[in-house]
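Participant: For reference, the structure I am asking about is given below.
The values are calculated or read from the model by the stated rules, or taken from the named source; none is laboratory data. Computed from a prediction, not measured in an experiment: that's the story for all the values here. Counting neighbours? That spans all protein chains shown, and the Cβs are built from the backbone with ideal geometry, glycine included. Just so you know, the surface numbers come from the protein's heavy atoms only, side chains and all, with ligands and any DNA or RNA stripped out. Shrake-Rupley method; radii C 1.70, N 1.55, O 1.52, S 1.80 Å.
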Amino acid sequence: MVEANIQSGGSPKLPMQGVPQPGREEVLHLPRVHISTHPVMRHKMTALRDKNTQPPEFYRLVKEIGALLAYEATSTLTLEKTNIETPMKPMVGERLAGGIGVTPILRAGLGLAEGFREVIPDVQVWHLGLRRDEHTLEAMEYYNQLPHKVELQVCYAVDPMLATGGSAIDAINVLKKRNIPRLSYMCIIAAPYGLLKLSQTHPDIDIYVAALDESLNDVGYILPGLGDAGDRQFGTF
């Protein structure tokens, strides 16, 4: 996470002002990082970024992108054999082995979680509230509705924007306390800075990204980005 720089007079500077940032090329080939190259994803991302896209359409696009990311992020899940009967004859099929959890980081992660549920309707949804301090960019937990008993093969933390990485790192820290066998992180847009921080802090997780952007501005927003993902989903400008 980024600490606020302090001017000589004691007042905080812009939190990312003067902070070195990696370029895109430095993070493109990080281990366990998966950046989508699907043409349909790029098509939907263009509509999502457009400032003229209104909240109802924006929310629909977030869900659709969440579903596309879910297909990519679940491609290596464990399966188990099961006997079934088709209308024609018995056969041995395959089902997912163990439960799947998705943890949307409130509130912006809700649309992504809904997209995930369209792919796997019986996924368990655990809500986690992390708020970013606008001055320090540090993540602060304000809501935690995770179950006491965990029986999952994997859990995905989901949030539209991976900027400085603070919320993502804290979310994975919370989930690791539940002894889940496998954890992953899924986002729509990542800045190189946050992607590197998350990968270095949690090298044992897979990270799925729809688009890798250029950098963060001085206040910690992703460029070119798409603005505030929560406000644009829910119309709270």
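Participant: Under 7 Å between Cβ atoms, at least 6 apart or on separate chains: pull out the pairs that start in segment 210-233 with a residue that is touching a residue at least 40 places away in the same chain (Cβ under 8 Å) and end on any residue that is among the aromatic types (Phe, Trp, Tyr).
Facilitator: Once the first residue is touching a residue at least 40 places away in the same chain (Cβ under 8 Å) and sits in segment 210-233, its partners that are among the aromatic types (Phe, Trp, Tyr) give Leu216/Tyr193; Arg232/Phe58; Gln233/Phe58; Gln233/Tyr59.
Participant: Also, I was wondering about something else. Given the criteria open to solvent by 10 Å² or more (accessible area, probe 1.4 Å), in contact with a His (Cβ under 8 Å, 6 or more places away or on another chain), touching a residue at least 40 places away in the same chain (Cβ under 8 Å) and not hydroxyl-bearing (Ser, Thr, Tyr), does Asp206 qualify?
Facilitator: Yes; evaluated as a whole, the condition is true for this residue.
Participant: Which of the following residues is of a type in the set (A, V, I, L, M), at negative phi and assigned to a helix (DSSP H, G or I): Val174, Val219?
Facilitator: Details: Val219 fails: assigned to a helix (DSSP H, G or I).
Step by step, each of Val174, Val219 is checked, and only Val174 is of a type in the set (A, V, I, L, M), at negative phi and assigned to a helix (DSSP H, G or I).
Participant: Ok, one more. Could you list, in sequence order, all residues of segment 209-235 that are open to solvent by 20 Å² or more (accessible area, probe 1.4 Å) and in contact with an Asp or Glu (Cβ under 9 Å, 6 or more places away or on another chain)?
Facilitator: Correct list: Val219, Tyr221, Leu223, Pro224.
Participant: Exactly one of (1) assigned to a loop (DSSP other than H, G, I, E, B); (2) modelled with pLDDT of 90 or more; (3) under 17 Å from Gly111 (Cα atoms) is unmet by Asp204. Its number?
Facilitator: (3)
Participant: Moving to a separate point now. What single numbered condition from (1) under 17 Å from the mean Cα position of the chain (by Cα); (2) open to solvent by 30 Å² or more (accessible area, probe 1.4 Å); (3) more than 19 Å from Gly225 (Cα to Cα) fails to hold for Ala70?
Facilitator: (2)
Rundown of residues vs (1) outside any helix (DSSP H, G or I); (2) within 22 Å of the chain's Cα centre (by Cα); (3) modelled with pLDDT under 75, yes/no style:
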position	(1), (2), (3)
Leu77	yes, yes, no
Lys81	yes, no, no
Thr103	yes, yes, no
Phe116	no, yes, no
Leu130	yes, yes, yes
His135	yes, no, yes
Tyr143	yes, yes, yes
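Matching residues to (1) among the acidic types (Asp, Glu); (2) at pLDDT 95 or above; (3) open to solvent by less than 50 Å² (accessible area, probe 1.4 Å); (4) in a strand (DSSP E or B):
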| residue | (1), (2), (3), (4) |
| --- | --- |
| Pro15 | no, no, yes, no |
| His29 | no, no, no, no |
| His34 | no, yes, no, yes |
| Leu48 | no, yes, yes, no |
| Asn52 | no, yes, no, no |
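Participant: Please pick out the residue among Asp159, Asp170 that is under 11 Å from the mean Cα position of the chain (by Cα) and open to solvent by 10 Å² or more (accessible area, probe 1.4 Å). Spell out how you get there, then give the answer.
Facilitator: Values: Asp170 fails: under 11 Å from the mean Cα position of the chain (by Cα).
Result of the check over Asp159, Asp170: Asp159.
Participant: Could you give every pair whose Cβ atoms fall below 9 Å, whose first residue belongs to segment 34-45 and is more than 19 Å from Ala191 (Cα to Cα) and of a type in the set (Ser, Thr, Tyr), and whose second residue is assigned to a helix (DSSP H, G or I) and modelled with pLDDT under 95, counting only separations of at least 6 or pairs across chains?
Facilitator: Listed by first residue and then by second, the contacts come to nothing, as the list is empty.
Participant: Can you give me the number of residues within segment 78-96 that are open to solvent by 20 Å² or more (accessible area, probe 1.4 Å), of a type outside the set (D, E, K, R) and in contact with a strand residue (DSSP E or B) (Cβ under 8 Å, 6 or more places away or on another chain)? Working first, answer last.
Facilitator: The first filter runs over segment 78-96 and keeps only residues open to solvent by 20 Å² or more (accessible area, probe 1.4 Å), leaving 78-92, 94-96.
Narrowing further to those that are of a type outside the set (D, E, K, R): 78-79, 82-84, 86-88, 90-92, 96.
Keeping just the survivors that are in contact with a strand residue (DSSP E or B) (Cβ under 8 Å, 6 or more places away or on another chain) gives 78-79, 82-84, 90-92, 96.
Matching residues across segment 78-96 total 9.
Participant: What residue, among those in segment 99-115 that are touching a residue at least 60 places away in the same chain (Cβ under 8 Å) and open to solvent by less than 70 Å² (accessible area, probe 1.4 Å), is nearest to Val150 (Cα to Cα)? Full working, then the answer.
Facilitator: First pass over segment 99-115, keeping only residues touching a residue at least 60 places away in the same chain (Cβ under 8 Å): 101, 103, 105, 107-108, 110-112.
Now narrow it down to the ones that are open to solvent by less than 70 Å² (accessible area, probe 1.4 Å): 101, 103, 105, 108, 110-112.
Numbers: Gly101: 9, Thr103: 13, Ile105: 18, Ala108: 24, Leu110: 21, Gly111: 24, Leu112: 22 Å.
That would be Gly101.
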